[in-house]
Structures are given as C-alpha cells and as structure tokens.
Amino acid sequence: MGLGSGLLIGAVAGVYASIEASRSWASSGWLARAIGLISTAAAGPALVLILFAASPTVPLVGFALSAVLAALLWRLCLAPMGAREEATDSPAVLGVEIFALVAVAGALGARLGLEHFGGSDAAEAYWPLPVLLVASAGLGAMIPSTLASADDEGDVGLREALIALVATLLPVLVALMLAWKLFGQWSPLLVVLTGAVGMGMAAWLAAETGAEEGRPALEAFALGLVALAMVAVAFKVLHGYGEALALAAGVAPLAVIGSAAARKRRGLAAPLLVGSFTIVVLLAAYRMVLETTGGHQAVDLEEHYVYFGLIVGALAVLGLVAQGAGSWRAAAEAGDPLDALRRMMARAPLPMLGVALLPAAMLAVWGQGALQGLLVGLVVGELVWMVLAAWSTDRDRAVCLAAAPHAALVGAALVALQLGPIVAGLGPISRAVKAGVVVAIALVAAVWIAVRTTLARAEALQGGGDGDA
C-alpha cells in the first residue's frame, strides 16, 4: 500500500508539472513557472512525510518513481518531435526533467536521513531537511523570478545569475540557523555550502559552454568533474546523506540557469547542467542501495561480475542514443504531428522495459556485485553522454540531445533501490531460477524485435504503395 500511495502522489505531481511545463515559455511568467516546478517537487516528499510519518521509506521511492516516469515519457515521446522543426531540446521536456530530478533528490535525501541516522534522537531533525531546503529554494526564487521578461533573449546573463544567487541564499540561511540552534554542529552547513557552490560553478561553466561553438568536450568533462568533486566533499562530511543534502542546496542554480538556457535555446548549456546534477543523483542512489541491502562496503573490484555490470551500465547509454536516433528519424518521416506522436509511443515501451528489467536481471542472475557495478556504470554512462553530446555537431548533436538519458538512468537506479532489499532477502538463488530469468529476458527481446521488424516492414510497404499511387 505504501508504494502505491507514493506512486499516486508522484503521478498527481507529475501531471501537474507536465501541464505547467507544456504552457508557453514565451510569456513573462516563464521563470516563475519554472521555479514552481521545483516547489511541486518539494511538495510531494513533504506530503509523503506527513501522511506516512511512521514508515515513509517505501512511499518516498514510489513518489520518486512516478516523477521519473513522467520525465521519461516526455523524453521518449516528445523530445524526438524536434526533428519536425529542426530544433534542439525543448524547454518543456527539460522542465519536466528538472522537476523529476529535484523530486528524486528530495525523496532520496529524506530516505537517506532515515537510513543514516536510524532511530536516534537526531533522525527527526535530519530527514526532513533536504525537502525543507528544496522548498526554501523555491520560495527564495519566486519573487525575484518575476523580474524575467517575455522578450529576454540572448545569453544567460547577470539577471539569471542574481536570481539563482538570491534563491540559493535562503537554503544556506536555513541550514545556518538549524546548525546553530538545533543540530549543535556545523557539518550540515558545510555540506549545504558545498552543494550551493558546486552547482553554482556547474551552472556558470554550463552557461559558458553553451555559448561556445565547436566541440567543447573538455568543458563537458570538467562539468562531470565538478559534480564528482562536490560528491567527494559531501560524502566525506555526511556520507550518502551529505550527497543528497548537497543536491537539495543546489536546486536553485539548476532550475534558474537550466530553464533560462533551455528557453533561450543555448544549445548544450541546459542539458550539460542537468547531466552534472544527474551524476550526483545517481551516486546518491548508489549509496542508498548499499545502505538498504546491508552492503555498506564499496564495489569489490576483485569480483568478476562487477565489471560486467559496469560495462552494461555504461553501454546502456549508447543503446538509448541509438533508440533516440531511430525515434528522431521516424518523427522526421511522419506525415503529420499526430502520426509522429503515434510512432514515438510505439517505440517507447522498449527502453521503459529496459529500465525496469535491467536492474532486476542483474540482481537476480549475477548478484549484488553486478548490481553495484551497474549503478557505477550508469554514472559513467551519463558522463560519456555529456562528452558525446559536446563532441557531436549539427544533426548528430540534436539527436544526441533528444536522446538524453537522465530520466532513464535515474529510473533504473530507483528500480534497483526498490528491488534490492527484496531480492537480497530471498537468499541464494538457484541456477534454474537464474537460467529462467535469462530465458525470459531473451524471449521478451526476441518478441519485441519481431514485432518491431514486422511493423517497420508494414510501414515501408504502405509508404511504397502511397508513392506508387
């Protein structure tokens, strides 16, 4: 019941965020609407914590899964539609993705607080803090965001930077007051400052990279390093909870600079900024999986299946890009927008099945080590996509941006988080069960390939018949 309730709350929040993101980004209230998306992302976990105060862990994961599902649907079904107007990534799709990532950051922060501090007296003070910081950032940005105008074009400039700075100051002040009056220690404030400064640096670097011509692959790699450095400092101070706390402190630069860059069509700026935030989210989810399955040890590099999982996780991004390229081509060849949308919806189930089945298969067949390797591989894959998007040009870059893997990778990590404790509690799995899982996955893949091939041939024959007529 807890998982279903969380899914329902996340679905309602996802529908509202989708409606808001689909409204015109040319009006004067575009930035206020973008800030409203992160406020919606904070409201969901807050509602879960209020309604399920006795046991909020499973509903939090359900909420995060629903939020990511909304972003994944937008990415798979609507992002390739840019092929019809030869446009790069739309602000609406990125807006829903920012909502989903912030929602996951808040949910993971609350869950990590519960796991990290357990039943101690400090638990009730720490686990709501990430959600409070996200809500504070939304509140701090709401009034200055009204300064944005409908005719604000050009580069992401001083106005957006000031709005992001003002929005970041409020969470820092909240952390300062709580560290002084409630916690009795300064470690949460240090982590919050790390997240604010780290994401601020990432936003500045992303804005500069988006304004450049050519192939800024080195700058994209530097964005990934900034995210990893932020994780290293936050983890050193408060472990996995510190990673989530740093994420919550950095949502204002993500929302303000990311939304402004997407609206102004600044190429790589918004996707790379979202990518750096996704890296930290994936690492926080990895730590969460370790804590919930009882495996607090890091990845064992002597275990063979760790490398297998790592390679599969990294290569999953290339599969998503290949799938996105096919969707881009199918949307461009469609006769009208409705036909293009129908084709995108027909292609969407395969990657969604992959998101659901890949972590389950890794865990059931090859064990905890393979799952840990997979989660690390997802982080590597996100960084590979960032460099690949920066290295590509023209149409290849547009295809790569349309196939951004943020939602899919985070969704796979959340599935691993939900299934990890269940499978780990089953004990050793027999070889027969493992073989059955492999055969089932192979059959599903074979049936899907056969269906897709048949549909492609039917569309080709229909197109040929129309041409002859």
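Here are some notes:
- Condition met for SER55 (within 20 Å of VAL251 (Cα to Cα) and either under 16 Å from the mean Cα position of the chain (by Cα) or surrounded by fewer than 24 Cβ atoms within 10 Å (Cβ to Cβ) (or both)): no
- Failed criterion for GLU243 (all others in (1) crowded, with 24+ Cβ neighbours inside 10 Å; (2) out of contact with any Leu (no Cβ under 8 Å at 6 or more places or on another chain); (3) of a type in the set (Asp, Glu) hold): (2)
- Tally, over the stretch 22-41, of residues that are assigned to a helix (DSSP H, G or I), small (Gly, Ala, Ser) and over 15 Å from the mean Cα position of the chain (by Cα): 5
- Only residues that are small (Gly, Ala, Ser) and surrounded by fewer than 21 Cβ atoms within 10 Å (Cβ to Cβ) were counted across the stretch 365-393, and they come to 2.
- Test for GLY324: is it crowded, with 23+ Cβ neighbours inside 10 Å, over 15 Å from the mean Cα position of the chain (by Cα) and touching a residue at least 40 places away in the same chain (Cβ under 8 Å): yes
- Taking (1) in a loop (DSSP other than H, G, I, E, B); (2) touching a Gly at 6+ places or on another chain (Cβ under 6 Å) in turn, GLY214 satisfies each apart from (2).
- So ALA412, is it more than 18 Å from ARG287 (Cα to Cα) and in contact (Cβ under 8 Å) with a residue 24 or more places away in the chain: no
- Any hit, the stretch 286-308, residues being crowded, with 21+ Cβ neighbours inside 10 Å and of a type in the set (Gly, Ala, Ser): no
- Residue match in the stretch 358-378 (condition: in contact with a helix residue (DSSP H, G or I) (Cβ under 6 Å, 6 or more places away or on another chain), more than 30 Å from ALA229 (Cα to Cα), free of Cβ contacts under 8 Å to residues at least 60 places away in the same chain and in a helix (DSSP H, G or I)): no
- Residues in the stretch 45-74 that are assigned to a helix (DSSP H, G or I) and in contact with a Pro (Cβ under 7 Å, 6 or more places away or on another chain): VAL48, LEU49, LEU60, PHE63.
- Members of the stretch 344-397 that are closer than 24 Å to PRO80 by Cα and aromatic (Phe, Trp, Tyr): TRP385, TRP391
- From the options SER39, SER66, residue that is within 18 Å of LEU132 (Cβ to Cβ), buried (at least 17 other Cβ atoms within 10 Å of the Cβ) and not basic (Lys, Arg): SER39
- Restricting the stretch 286-298 to residues that are at pLDDT 65 or above and either over 13 Å from ALA370 (Cα atoms) or not in a helix (DSSP H, G or I) (or both), the residue that is farthest from the chain's Cα centre (by Cα): THR293
- If you go through the stretch 328-369 and pick out every residue that is at pLDDT 85 or above and among the small types (Gly, Ala, Ser), you end up with 3.
- Some residue of the stretch 384-391 being modelled with pLDDT under 90, aliphatic (A, V, I, L, M) and part of a helix (DSSP H, G or I): no
- For the stretch 23-59, residues that are hydroxyl-bearing (Ser, Thr, Tyr) and more than 18 Å from ALA260 (Cβ to Cβ) total 3.
- Test: residue in the stretch 264-273 that is modelled with pLDDT under 90, more than 18 Å from ALA390 (Cβ to Cβ) and either out of contact with any helix residue (DSSP H, G or I) (no Cβ under 8 Å at 6 or more places or on another chain) or part of a helix (DSSP H, G or I) (or both): yes
The values are calculated or read from the model by the stated rules, or taken from the named source; none is laboratory data. Every value quoted in this text rests on a predicted model; they were computed, and no experiment measured them. Using ideal geometry, Cβ is built from the backbone for each residue, glycine included, and neighbour counts are taken over all protein chains shown.
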